[in-house]
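Since the structure comes first, as structure tokens, the remarks are kept for the end.
What follows draws every value from the coordinates through simple rules; no lab data is involved. Keep in mind that this is a model prediction, so the values were computed, not measured. With ideal geometry, Cβ positions are generated from the backbone for all residues, glycine too; neighbour counts draw on all protein chains shown.
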Amino acid sequence: MKRLLFLVTFMFISGMVFSQTNMKTTYQQGYIKPSTGTYVQGHYKTISNNTNTDNFSTTGNTNIYTGTSGTKAKDYSIQVTNYNNEKTIYTGSKGGQYYINSNGNKTYVPKQR
């Protein structure tokens, strides 16, 4: 019985890791944020590209290093288009999309079509 439980658990974890092997990761060394002086501990992150569908923080994905589930809407999903109907969405020089918040700062959002 213990063998069966171990085998099922192993297969579940292996499947979870295998299903997300398309995510290319890199290790971000710890650093101090110049703006606040806050230390950010070193961590693994997905490599930047032109979409958030393969990021640890996106809904449906799980960070294989921490086990945390993503919560951000996927680019071009229905959830993205419902987050803010009254703001003009701008596209930056590197493809990121944002709106100007009430403080006059850019607030980056998942991409819309």
Mean Cβ count within 10 Å, highest first, over the residues of peptides 96-109, 34-47, 52-65: 52-65, 96-109, 34-47
Extension gain, residue 24 back to residue 66 (0.36 nm per residue minus Cα-Cα distance, nm): 13.5 nm
